[in-house]
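**Q** Structure below; questions to follow.
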Amino acid sequence: MELRSAEDRVGLRRRTEPVNLLPSHACPTIPTVSVLEDPPTPRAVVRGILGFAAVVAAVALVVVSLAVGHIEWRLAALALTLWSAYGFWDALLGGLFEPLGQFLGDQLTGGMPGSTGITIDQETASLEHLLAADPPPPLHRVIIAGIRLAEIYRTHQRDVPKADALIARLAAQYPDAPELRYVRPPAPR
């Protein structure tokens, strides 16, 4: 009598070829998230230095206090001072300097305040403003903005006639634009 494996009984075959997995030394195929920032922010550096010093002072306080039989108040004061400095600098950097730096960076680069994403209504208003600008921006930018705005009209506002009218207007203004070759509404027959 022949014994069959469980795989054979349910109709599964044993895999004969190797599985296509990355070698262990290869880079991952998806982005990974690191706990440590690279490069570390100034806030992380200050927290690391003061936190490490506070922990070392606290351990030294416990070891010395057990060895001599009483609390070494100067060492306790050092540990508490380092802990207080850790909290003070963390709050100062996190509550004042980082938001101020983010604000100034947003002002210089045109970023959205508070690192928030742009909403579809903000994007629509921005694109409509770009198309109505006087003097108009470069041709390619106008056409790409018009195509995106027509996409928003069609998909988010569900206004297909408005989208087709915008594309028709752009096609009339720029008949030789290669970008419009694929987005023109179908010609009536």
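**Q** Take PHE97 and ALA67, extend 7 Å from each Cα along the Cα→Cβ direction, and tell me the distance between the two endpoints in nm.
**A** With each label point 7 Å from Cα toward Cβ, the separation is 3.5 nm.
**Q** Using the Karplus curve 6.51 cos²θ - 1.76 cosθ + 1.60 with θ = phi - 60°, what ³J(HN,Hα) values do you get for each residue of the stretch 121-132, in whole Hz, with x for Gly and Pro?
**A** Computed from phi, the couplings for the stretch 121-132 are 5, 5, 5, 4, 4, 5, 5, 5, 5, 5, 6, 8 Hz.
**Q** Run the numbers on the stretch 120-182 and let me know its relative contact order in percent, using alpha-carbon pairs under 8 Å that are six or more apart. Provide the component values of the computation, followed by the final result.
**A** On the way: 42 pairs, mean separation 17.1, N = 63.
27 percent.
**Q** Fewest Cβ neighbours within 10 Å first, please rank VAL183, VAL63 accordingly. Could you put the intermediate results ahead of the total?
**A** Details: VAL183 17, VAL63 11.
Exposure proxy ranking, most exposed first: VAL63, VAL183.
**Q** Find out how many positive minus negative residues lie around ASP90, taking Lys and Arg as positive, Asp and Glu as negative, among other residues whose Cβ is under 9 Å from that of ASP90.
**A** Cβ neighbours under 9 Å give a net charge of +2.
**Q** At 0.36 nm per residue, and after removing the present C-alpha to C-alpha distance, how many nm does the segment from LEU104 to LYS162 gain when stretched out fully?
**A** On the way: separation 58, 0.36 × 58 = 20.88 nm, distance 3.87 nm.
Extra length from LEU104 to LYS162 when fully extended: 17.0 nm.
No value in this document is a laboratory result; all are computed from the given coordinates. Keep in mind that what you see is a predicted model, and the values were worked out from it rather than measured. So basically every Cβ, Gly included, is an ideal-geometry build from the backbone, and we count neighbours across all protein chains shown.
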